[in-house]
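The values are calculated or read from the model by the stated rules, or taken from the named source; none is laboratory data. Keep in mind that this is a model prediction, so the values were computed, not measured. Cβ placement follows ideal geometry from the backbone for every residue including glycine, while neighbour counts extend to all protein chains displayed.
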Amino acid sequence: MLNYLFRRLNLLFITAFILSVIAFILTYWSSKNTLADADAGYIIQYVKYMSAILQGEWGLSSIDQQPMLIKGLTAFASTLELCFIAFITANIIAIPLGIFAGLNRNSLLDYLIMTIALIGLALPVFWLAVITTMLPRLLGIPLPIDGGISPVFEIPVVSGFILLDTLLAADTYQLDAFFNRLAHLILPSSVLSLFLITEIIRLTRHSITMVMKSNYVKAAYAKGLSRKEIVFRHVLKNALPPIIHQLRLQLSTIISFAMVIEIVFSLQGSGVWLLSSIKEGDYLALPTAILIISGFILLSSIFIDILLMIISPIKRKSLYVD
Amino acid sequence: MALLDIRNLSIDISTAQGKVRVIDKASLTIVDGSIHGLVGESGSGKSLIAKAILGLHNANWTVTADRMFLGATDLTKLSANDRRKIMGKEIAMIFQHPRSYLDPSKKIFSQIKEVLPTTSVKKLFLSKIKRVPEQSTQQRIKELLHKVGIQNDQTVLASYPHELSEGICQKVMIAMAIANNPSLIIADEPTTAMEAVTRAQIFRLLYKLNQLHSTTILLLSNNFGSISNLSDYITLIYSGQTVESGSYKQIINSPMHPYTEAMIKTILEFDESISHKSQLYTLPGNIPSANQLPIGCRLGPRCPRAQRSCVTNPEPLNFKGHVISCHFPTLDENQHANTSQRK
Amino acid sequence: MRFLFAFTITLLLSGCYKNESTLTDSLIYCPENTPQSFNPQISHDISTLDATTHQLYNRLVKIDPITKQFIPDLATHWQQNDNKSSYTFFLRKDVNFHQTDYFTPTRFFNADDVIFSFQRMLDKDHPFHSVNRVTDSYFFNHPFTNLVADIIKIDDYTVKFILNKADVTLLANLAAHYGVIHSEQYAQNLLSKGHPERIDFYPIGTGPYKFKNYEIKGITRYLSHPQYWGGRPTITNLIFDVTPNNTKRYAKLLSGECDIMTYPAPSQLNTMSVNPSVVLSSIPTANVALWSFNSVKKPFKQKEIRQALSYAIDQKTIVNAVFFKSATATDTLLAKQSWAYNPRSAELQYTPQLALQMLKENGFDFNNIITILTPIDHSVFNPNSHKTAELIQANLFDIGVSSEIISLPHSELEMRLASGNYDTYLTGIDVHIKDPDSLFRPLLSCDATILEGNSSQWCSPEVQDLLDSTLLEPNFIKRIKNYYQLQDIVQQERPYYPIAHVLRFDAFNQNISGLHVNALTGIDFQNVRKIEAQ
């Protein structure tokens, strides 16, 4: 198991190195005159750049002279918040549906569920996001469609996760700000969760079908267990690892969809931050975003791997990373 | 008394090419307390018969039989629920590649615990009165493992299936199978994937179970030689049809069906009569594939005695318990055809 | 099962969400653009005016919205001398400036503040004269360099304006958007700290709202000024939430995230007017959308060509298709409300046959492709320049004239204009001063550059003479006559084709009362009150 971890970390370092080189090239290209010792060789500049990065000095934004690292992390935290809420909602809806579809293959229920999943796959995210801004008006539901939180609330940025910050500012606004933020997140997260629901339904259905065909389920039938017992005791736990594994590969897609949705709904996350930075000419945002977002994806990959190792004993034996 | 009495079992599977009769009027009679070997090559339909007995067949199979009795219970008339109850209690099954038949995400302990008969409230109540302590689950599992010959039970119980060898896994499966004291154990090629030492161990275990607890064992195998020492009765099956059935002595000493003769001839005995690099004996040809099953006796195309009348299904002939389905059996002088069939 | 449970929880949570429109002490206004600064003296775009004029500042005098007379604001009364060459203003006492976390005033408003506010514009040597001035804007200088010679402090509460010559327009100028009064103490404070540029971005005034903060994403927050001399306003928190997309603005109005918004999309005006929960109010402005001909480039040097093309344009269709009901078709550059409007001006006609004939008579080269230059973004005088250009192109095509539309973003547009490389240009003019001179001068004066407004590159001594003499003309009747004459010349020469006079639309929730909008000086939230929702 340690062997596996070690190999995984190895992969992380190599990927991180390549990313840091890309970030270095972008920084160099975007701000030629702010790098010290422009005469020195590229390697020395790279080393200096890396040491600055590791010390936490990522440069200042050209718009408002704030440190780039803080801006980037704050923006990304907001994106993560959206992804998290969408993920939870999507799981609550999609996993039961996927299980039903997988257990009753080729039945009417299965076709119905797969139709829903296919529709979600076919709709483009940005189109759906724009339609959703108009939807509350049509249906008469008073949900907010713009902004991360109402401008009436001034929440000091502590962690970047606005839900947490609203709870921390509870003495000023009580819980109004928290609910307001939640309400602002409902529409964007439902758009993002539609895509996630599609993915999770398909994965769950496939995984459940595969597990139901496996030998130990047949043995369980032979032991005389009822279908319900088999599903709850044997199938669910074994169906989970492939789902998690596949979702890990989708992580970057989820984040990029989240950024598009943020732009449509004017949520102050990394999508809006990057777009406005490029418009204003603050190109230092690009390498910052690369480092933060890719770094996050790498780290979460590792965490997911560790999680997989914990819940699935088979994976503990595997030597090679896939 | 026959524990399992199956007469004229037929299984039709609907495929894209239409209905295929994979098992054609097979008959099987298992005597209580015996070890019965069901021998046939791969693809001859042994596992299908086992599944049909257990009721694990798919929805697109059609299972018909004149009789399918387990003791006094008619298996065809049971509802799904009742069938399930029987499966756990009366019939148990062990499989080939035992490691894949164990749940990979659970430790052995919890898997065995799952099949143990649950202590009912009444028993608990009674035990309090009788002052006889009920055995704890730990105890019972430990006993089970000892019964099947696993000495280091603590290690095994704390392991996952993928950490154990096939032999140990098979013993664990057997332990789970006997946990409820079933009357019949169906062993579907239990040792095909193992090396010789483990194979011997497993067979010894099965034999012990049969002797000590009078558990009837239906042993499916594709290797005539390996089960021939073990079985009391043997049934041979070819391509979905039972060709010969009888006690061990009867089959070995006087085989009547050409297929049986061929099987016996394939048992390798390493004596000087086999010369270096000589050709081993086989029947010419291959097993027919499922969509090209011959009409009538399915050995027909390959049988050395085949003649025109072999396109009809042969009637089973019974010579004092030695049943044979062939138009041209090898008959001894003092045997006369007795076509009486037991009802 | 579990899903239903969680879903119900979420529904319950969203019930706790209180719509912003129900908060009675906060008002959210959604404008279209961010203000360029917080000083209407240096920025003249409507966003700055909306954000500042009535909110942050007061002026010496203001115009009563109903009677249209000049009424006292920071000056309690005034008098003119006999030959009308100087005005004396008596200032209001006990007026407090804003107290914020970046400035605390230690004295009341007095004459020093008045002098500072105006000398900044007049005196080229004033330390604040060149602070935050990006270009030498015409508007910055026009009203006062010609008009006011000097401002003298008589005592702490009396100020005297000495004019260059007798002129009646001083009051109008002081009531305009650039007549706002700043705090001289604050200016000195900033100067001593070495940050004079903050005066226009961290403003201090005497108005009903004080500046709280401004977030880069376009949110400006104001707090009510508790010691406002006109009485503390009802709304405590005033928030400007910039939303550039006009459909989204309307959606936010409906969902309660905006209480008031401006410039709805013209295509939605119909739906908005029938919606019972939204009140739509419109005021006519002097802003005009126009199509200018480059009069120094062939073939537009000939006035007959310009006239001919004017006959070829179907104005009504353009106004209906692009502006819907948000503008009125117009025949003149000057708005009908202006006192200088010539009622006998000829109507524009749509006669393509006549146009074709005139073009042929004057030797127009039909192989010539005419360029129509338009900006990409919409503006206050044209919600869809590109569509207008397409309609014009179609009209021209009907008479056999081929044209090419070039639409450019702002920076490239300026470069192209400066180079003079265009035949026609779709534009408009955004007027905030009542005087007709402020409309004609940037369009027709020889001194006005292309970027300042003279996209026709018009220069004629006759027109220039008229402009200059009328500006200084003391006799009001003569002024009117001069402007009539000017308008006649404009009609004959046709350097510009006027398309429409736009209306300013504001939409707000039905629970808002007391909102005032002035076409010249912007929106006024001073008296706004939110009625409790039923």
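Listing for the model above:
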{"read-out": "Counted residues, the stretch C:495-529 - those being out of contact with any strand residue (DSSP E or B) (no Cβ under 6 Å at 6 or more places or on another chain) and among the small types (Gly, Ala, Ser)", "value": "1"}
{"read-out": "Residue within the stretch A:304-314 that is over 30 Å from A:Asp146 (Cβ atoms), hydroxyl-bearing (Ser, Thr, Tyr) and in the same structural domain as A:Ala86 (by TED's automatic domain parsing) present", "value": "no"}
{"read-out": "Close pairs from the stretch A:256-279: first more than 12 Å from every other protein chain (Cβ to nearest Cβ), partner among the acidic types (Asp, Glu) and crowded, with 24+ Cβ neighbours inside 10 Å, Cβ under 7 Å, at least 6 apart", "value": "A:Gly271/A:Glu262"}
{"read-out": "Subset tally (residues that are of a type in the set (Phe, Trp, Tyr) and away from every other protein chain (no Cβ under 11 Å)) for the stretch C:235-267", "value": "1"}
{"read-out": "Subset of the stretch C:220-238 (residues that are buried (at least 18 other Cβ atoms within 10 Å of the Cβ) and either small (Gly, Ala, Ser) or under 21 Å from the mean Cα position of the chain (by Cα) (or both))", "value": "C:Thr220, C:Ser224"}
{"read-out": "The stretch C:496-534, residues that are over 23 Å from the mean Cα position of the chain (by Cα) and either under 24 Å from C:Leu443 (Cα atoms) or in a strand (DSSP E or B) (or both)", "value": "C:Asn509, C:Ile512, C:Ser513, C:Arg529, C:Lys530"}
{"read-out": "Of all residues in the stretch B:30-57 being surrounded by fewer than 19 Cβ atoms within 10 Å (Cβ to Cβ) and over 17 Å from B:Ile185 (Cβ atoms), the one that is farthest from the chain's Cα centre (by Cα)", "value": "B:His57"}
{"read-out": "Answer from B:Val22, B:Val63 - the residue that is more than 28 Å from A:Val235 (Cβ to Cβ), away from chain A (no Cβ under 11 Å) and either among the hydroxyl-bearing types (Ser, Thr, Tyr) or not in a loop (DSSP other than H, G, I, E, B) (or both)", "value": "B:Val22"}
{"read-out": "Pairs where the first residue, in the stretch C:259-280, is without any contact (Cβ under 8 Å) to a residue 60 or more places away in the chain and the second is surrounded by 15 or more Cβ atoms within 10 Å (Cβ to Cβ) and among the hydroxyl-bearing types (Ser, Thr, Tyr), C-beta under 7 Å, 6+ apart", "value": "C:Gln268/C:Tyr250"}
{"read-out": "Members of the stretch A:280-308 found to be of a type in the set (A, V, I, L, M, F, W, C) and within 14 Å of chain C (Cβ to nearest Cβ), listed by number", "value": "A:Ala285"}
{"read-out": "Residue pairs meeting the criteria (Cβ under 7 Å; at least 6 apart or on separate chains; first within 13 Å of chain A (Cβ to nearest Cβ), in the stretch B:28-55; second of a type outside the set (Gly, Ala, Ser) and part of a loop (DSSP other than H, G, I, E, B))", "value": "B:Lys51/B:His57"}
{"read-out": "Residue match in the stretch C:422-445 (condition: out of contact with any strand residue (DSSP E or B) (no Cβ under 6 Å at 6 or more places or on another chain), under 28 Å from C:Asp465 (Cβ atoms), among the hydroxyl-bearing types (Ser, Thr, Tyr) and without any contact (Cβ under 8 Å) to a residue 40 or more places away in the chain)", "value": "yes"}
{"read-out": "Search result, residues across the stretch B:67-88 that are within 13 Å of chain A (Cβ to nearest Cβ), closer than 20 Å to B:Leu28 by Cα and part of a helix (DSSP H, G or I)", "value": "B:Arg83, B:Ile86, B:Met87"}
{"read-out": "Of all residues in the stretch A:201-226 being surrounded by fewer than 21 Cβ atoms within 10 Å (Cβ to Cβ) and touching a residue at least 40 places away in the same chain (Cβ under 8 Å), the one that is farthest from the other protein chains (Cβ to nearest Cβ)", "value": "A:His206"}
{"read-out": "Any chance B:Ala290 is surrounded by 15 or more Cβ atoms within 10 Å (Cβ to Cβ) and at pLDDT below 80", "value": "yes"}
{"read-out": "Any hit, the stretch B:164-172, residues being among the small types (Gly, Ala, Ser) and within 13 Å of the chain's Cα centre (by Cα)", "value": "no"}
{"read-out": "Which numbered condition A:Asp171 fails, given (1) within 14 Å of chain B (Cβ to nearest Cβ); (2) surrounded by fewer than 18 Cβ atoms within 10 Å (Cβ to Cβ)", "value": "(1)"}
{"read-out": "Residue satisfying all of: in the stretch C:387-421; in a strand (DSSP E or B) and not polar (S, T, N, Q); farthest from C:Lys297 (Cα to Cα) among these", "value": "C:Leu408"}
{"read-out": "Test: residue in the stretch C:32-50 that is touching a residue at least 40 places away in the same chain (Cβ under 8 Å), assigned to a strand (DSSP E or B), away from chain A (no Cβ under 14 Å) and surrounded by 15 or more Cβ atoms within 10 Å (Cβ to Cβ)", "value": "no"}
{"read-out": "Which numbered condition C:Gln119 fails, given (1) outside any loop (DSSP other than H, G, I, E, B); (2) over 22 Å from the mean Cα position of the chain (by Cα); (3) more than 18 Å from C:Ile199 (Cα to Cα)", "value": "(3)"}
{"read-out": "Residue, modelled with the lowest pLDDT, within the stretch A:49-68, restricted to residues that are more than 15 Å from A:Leu26 (Cβ to Cβ) and not in a loop (DSSP other than H, G, I, E, B)", "value": "A:Leu60"}
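Here's the yes/no breakdown for (1) closer than 22 Å to C:Ala75 by Cβ; (2) in a helix (DSSP H, G or I):
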position	(1), (2)
C:Ile162	yes, no
C:Ala166	yes, no
C:Ala172	yes, yes
C:Tyr178	yes, yes
C:Ser192	no, yes
